[in-house]
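This report concerns only the one structure given below.
The values are calculated or read from the model by the stated rules, or taken from the named source; none is laboratory data. As the structure is a prediction and not an experimental result, all values here were calculated from the model. Neighbour counts run over all protein chains shown; Cβ positions are idealised from the backbone, glycine included. Areas reflect the complete protein model, heavy atoms only, side chains present, ligands, DNA and RNA absent. Shrake-Rupley method; radii C 1.70, N 1.55, O 1.52, S 1.80 Å.
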Protein chains: 2
Amino acid sequence: MTGGYWRKNGVKRGIRVLLTTHGSWFWLCLRRIPKVNSRVNRFLINSSIYTMETRPPALSTKSTYTSWDSLHDREFSARHLRGEDDFAPDTKPDKASVAALFERPPGTQTLSEGSSLLFPFFAQWFVDGFLRTDPSDPRRNTSTHDIDLSQLYGQRKVETQALRAEFGLLKTSADAEGREFPPLYYDSDGNVSESFKDLPMVLESVDDSKARTTTTLPDAVKRTLFALGLPRGNIHYGLAMMSTVFIREHNRIAREIRKHHTWDSDRIFETTRNTMIVLLIKIVIEDYINHITPIKFPLFMESGIGLEERWYRQNWMSVEFNLLYRWHSLVPSTVKVGGQTRPLSELMWDTSPLTEHGVAFLFDEASAQPCSTIDLLNTDPSMLDIEQTSMYVARRTQLASFNAYRERCGLPRLRSIDDLTSKQPARDALTSCYGDIDKVEFFPGLFAEDVRAGSTLPPLMTTMVAVDAFSQALTNPLLAPGIYGPDTFSPQGMQAIRETASLEDIVRRNTRGESLIPRVSLALP
Amino acid sequence: MTGGYWRKNGVKRGIRVLLTTHGSWFWLCLRRIPKVNSRVNRFLINSSIYTMETRPPALSTKSTYTSWDSLHDREFSARHLRGEDDFAPDTKPDKASVAALFERPPGTQTLSEGSSLLFPFFAQWFVDGFLRTDPSDPRRNTSTHDIDLSQLYGQRKVETQALRAEFGLLKTSADAEGREFPPLYYDSDGNVSESFKDLPMVLESVDDSKARTTTTLPDAVKRTLFALGLPRGNIHYGLAMMSTVFIREHNRIAREIRKHHTWDSDRIFETTRNTMIVLLIKIVIEDYINHITPIKFPLFMESGIGLEERWYRQNWMSVEFNLLYRWHSLVPSTVKVGGQTRPLSELMWDTSPLTEHGVAFLFDEASAQPCSTIDLLNTDPSMLDIEQTSMYVARRTQLASFNAYRERCGLPRLRSIDDLTSKQPARDALTSCYGDIDKVEFFPGLFAEDVRAGSTLPPLMTTMVAVDAFSQALTNPLLAPGIYGPDTFSPQGMQAIRETASLEDIVRRNTRGESLIPRVSLALP
């Protein structure tokens, strides 16, 4: 380890990182010993979370001081650090400065060596369920703050009702071969289907000034769009294929339950939903987080984890968590779909690849090609609007500096922009924008940091993702002892939970009879 | 100890009760040793709470099975035990059977030897803030589930706004001597004051069938009624005097804060409210609960208590907590007001004693006379309607039997009605109503149990009150480390908290210049 390593991590954190990210054989060995594996799992998860102070948060984006309302009104976002009055030099970032920091110059995209295109597809589909900002006021949070699979079920009862069918099933549409897809949003006359009028579907890009873009979708494309719990679920085929397999899995489990019980539709539906939420959390911990984390011990989902921990507090999504998850630089400028290489911008709001190529094929194909990397200067120009919105959110909520957040996480403040990144173009862009490391804003700083060897994300992002992700996923009441069990999931639901450790398990059992048995992985082969 | 004692308590619980309710000198000694007192405090509070399973509750009154909604929709009540299909023989209790169990025969009221009339006054005012049932559907809960002093501030923002004045103050009215009272609800023309139209005031009795009673209040009485955060806060002078001193204390602290800060009205108001909520919790633990509990160690409020405990979970008021707090038998049939003995029924919806005799005098007078006792056959006939509603709530939510709840609390099931109560009239009433101890319903059973020497409440009620009271009061975010401190309360608020250990402290500093310095106590002299 060079001097730079210790300067950036401090001694204590530096040692912990070194120990947990090396010696695979040792950690895999621990993973196999009953009881010991549970202790190690808890220790690693707890120490990840305790790098920051735990909820309840003293402040939210609602006011600059603590009030009864600011402690309770979850229509605003929680925040990890007090706002800095001086840290919003101009509240509205100018487009040129954002472009200078984020825009991927033509032909320069950096591709990942470890992560497949399925990684950003899953990440976006997963976090869009609970990270939601009011476009008209970035201090306001429109999330339920829970991992509740609103992707499938919507946020409000009226949405759930619109998406449900009889016998506890979710509505679907079928292609010529009878394979299930989400139901269509438009009816055959080209009108929004009566039963989906209450769904808050977004079918076009929205820029940061709230106005819809002037481009509207051609009618032929509109008629392929799905009615989904996720308002932006049609944005590209990568999200739509996730919803499709999860809807199929819901219906598969609901049919299994119906075979064994005389329950009414509501009870079948609710029991299936309980099961589906746990399946998602299990995949998130055991497949997705294990892909992200550089820790060599394979973490796992356990009922009752965190029961006696002070991080086990009511969920409240933070503005920082929301921002650090804006991984647009993971998305390549061109992707391979159905064997053809196509520019991403051409694929927006088009779900036709699903019915054309089939879900199994698309999962396999997305698992075989790389995504790009988390970085400055690596966002496709078509998504610069969104980066601008993110910069605006950070400034409107007066987030403290990147270095202030490092300190909050127990990491030493960086001393120079050169310590932040070893890449000369990024150094130049940051220097011309900020001049000084202490002036670097939280949002671009997160993306600028050099990724450690063996890691997927830069260090501060890794640290902060872990705090909120673990402490908001593992508080799910369905994991609490006294709730986690066959009374809540049914024996059929319990079996589905036992039989699932990865996204691949769910995809494979819901694509039987398709053209191939897909390899499904967030990692490249 | 007789064999009956061990039969009713079991060995383990019996020993704990014996140890903690004897040896005052020992416990008082521990209370004085720094650090040790904190450990003892935590141990006693934790072991009180852990007699039942902790939140999140697997079931609510919403459905008979666990669903995502039933785990989140706090418009229904939590429940500690699954409903028993067989335990609602007739859902609507007939009035005669309720009267047979609860009605106080003329001239037979049992008076307390230890508790003053102030005890039920404070208890009712305190719990009416967070125990609220939808009269049209007893499964529904209209509480905020938090100790948020909605008694002063209302539940919704529109109510708070209606009750606020400028400079962070609450609105008041003044009598001839300039003393502050809550503002009047009616204007001088006899109409509801325009600014209070949004307050959900209840100004007449409501019976269990939702219909208002036919009696309406005379205009002269109506014009003395206050605009309050508590819908039924005008029901008698005992509640109105509580609101009065707490409004005075709010305004006193707000004026203190304004002297030392240049804050706007909102910030003064919110900082005062933060302080007031903590003052209430401090009084509840150190004055009220210490009066109720037979434990000889004086419990105290500590910031950060419960931080690493599994009972520290989001509040959710349970239907059982709501029912066990219906202490109507504590209210005597006649009370002394302004020196005169008057029947209680004559004093309903009349707040005139406040302005007539002054708050100091009424607190002193209520502290000097006894209340009656928690018991069957000891409810004033004017309140039988409410007992009937409570029985209906219990049946509509299919609460399990009294013995099932004893078991849930780790107490042995009682073997006979004779074990439940030593009083012959109550034994006769229970036997004729139920025949068998296992058929005794939860609600009357709670009130029937013999009170142990030195206790205020019967044993199962004491046990269950402690579980919900501690675990829902001490989760208040204002007590969390990182929030509890001068940033949240201001130095003036911190001083008020330090200077308050009892209701008497608050009453005395807000009744200066009145006819006497009151003795204020939940206990008789």
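How big is region B:3-509 on each of its three principal axes, counting only the C-alpha atoms and giving the largest first in Å?
Principal extents (Cα only, largest first): 64, 58, 50 Å.
At q = 0.07, 0.10 Å⁻¹, what log₁₀ I(q)/I(0) does the protein assembly as shown have when each alpha carbon counts as one equal point scatterer in the Debye sum?
-0.71, -1.29
Tell me, what is the per residue accessible area of region B:390-464 in Å², probe radius 1.4 Å?
Computed with neighbouring chains in place, this is 34 Å² per residue.
With N residues in region A:1-111, what two-decimal value do you get for its Cα radius of gyration over 2.2 N^0.38 Å? If you can, show how the numbers build up before the last one.
Values: Rg = 21.3 Å, N = 111, 2.2 N^0.38 = 13.2 Å.
This ratio for region A:1-111 stands at 1.62.
Using only C-alpha positions, report the orientation-averaged shadow area of the convex hull of region B:429-525, nm², one decimal.
10.7 nm²
Averaged across B:307-314, how many Cβ atoms of other chains sit within 10 Å of each residue's Cβ atom?
Going residue by residue through B:307-314 and averaging, the value is 5.
Determine how large the accessible area of B:Ile33 is when every protein chain is in place; take a 1.4 Å probe and give Å² rounded to the nearest 10.
Its accessible surface works out to 70 Å², give or take rounding.
Search the structure for amide H atoms under 5 Å from the amide H of A:Glu180, placed 1.01 Å from N in the peptide plane, and list their residues when 5 or more places away or on another chain.
none
Taking a ≥ b ≥ c as the square roots of the Cα gyration tensor eigenvalues, with a/c under 1.5 meaning rounded and otherwise prolate when a/b beats b/c, else oblate, which class fits region B:434-479?
Because a/c hits 1.5 or more and a/b fails to exceed b/c, region B:434-479 counts as oblate.
Could you pull the accessible area for A:Thr275 with a 1.4 Å probe, rounded to 10 Å²?
Number for this one is 0 Å².
Taking every pair of Cα atoms in region B:283-361, average 1/r, invert it to obtain the Kirkwood radius, and report Rg/Rh to two decimals.
Looking at region B:283-361, the ratio lands at 1.10.
Per the 1.4 Å probe, what fraction of the accessible area of the protein assembly as shown, in percent, lies on carbon and sulfur atoms?
Working: 21040 of 40750 Å².
Accessible surface attributable to carbon and sulfur in the protein assembly as shown totals 52 percent.
Through the Karplus equation 6.51 cos²θ - 1.76 cosθ + 1.60, θ set to phi - 60°, convert the phi angles of region B:470-483 into ³J(HN,Hα) values in whole Hz; use x for Gly and Pro.
4, 6, 10, 8, 7, 8, 4, x, 5, 8, 6, x, x, 10
Rounded to the nearest 20 debye, what is the charge dipole size of the protein assembly as shown about its Cα centre when +1 sits on each Lys and Arg Cβ and -1 on each Asp and Glu Cβ? Don't jump to the answer; show the numbers that get you there.
On the way: 122 positive and 128 negative charges, 633 e Å.
Here the size comes out at about 3040 debye.
Using a 1.4 Å probe on protein heavy atoms only, how many Å² of accessible area do B and A hide from each other, summed over both chains and rounded to 100?
3200 Å²
Long-range amide H contacts for B:Phe76: which residues qualify at under 5 Å (H placed 1.01 Å from N, peptide plane, sequence gap of 5 or more or a different chain)?
Result for B:Phe76 returns B:Asn141.
Short version: ³J(HN,Hα) in whole Hz for each residue of region B:439-454, in order, from phi by Karplus 6.51 cos²θ - 1.76 cosθ + 1.60 (θ = phi - 60°), x for Gly and Pro, what are they?
9, 5, 6, 3, 5, x, x, 3, 8, 7, 4, 4, 7, 5, 4, x
Cβ under 9 Å from A:Ile506's Cβ, A:Ile506 left aside: what net charge do those residues give with Lys, Arg +1 and Asp, Glu -1?
Details: positive: A:Arg248, A:Arg508, A:Arg509; negative: A:Glu249, A:Glu504, A:Asp505.
So the environment of A:Ile506 carries a net charge of 0.
Can you give the charge dipole size of region A:4-131 about its Cα centre, rounded to the nearest 20 debye, using +1 on the beta carbon of Lys and Arg and -1 on the beta carbon of Asp and Glu?
Around 1040 debye, computed over region A:4-131.
Given B:Pro444, B:Phe269, B:Gln472, which one lies farthest toward the positive end of the charge dipole of region B:3-509, if we put +1 on the Cβ of every Lys and Arg and -1 on the Cβ of every Asp and Glu?
B:Gln472
Under unit Cβ charges (Lys, Arg +1; Asp, Glu -1), what dipole magnitude, rounded to 20 debye, does chain B have relative to its Cα centre?
With only Lys, Arg, Asp and Glu charged at Cβ, the dipole is about 1600 debye.
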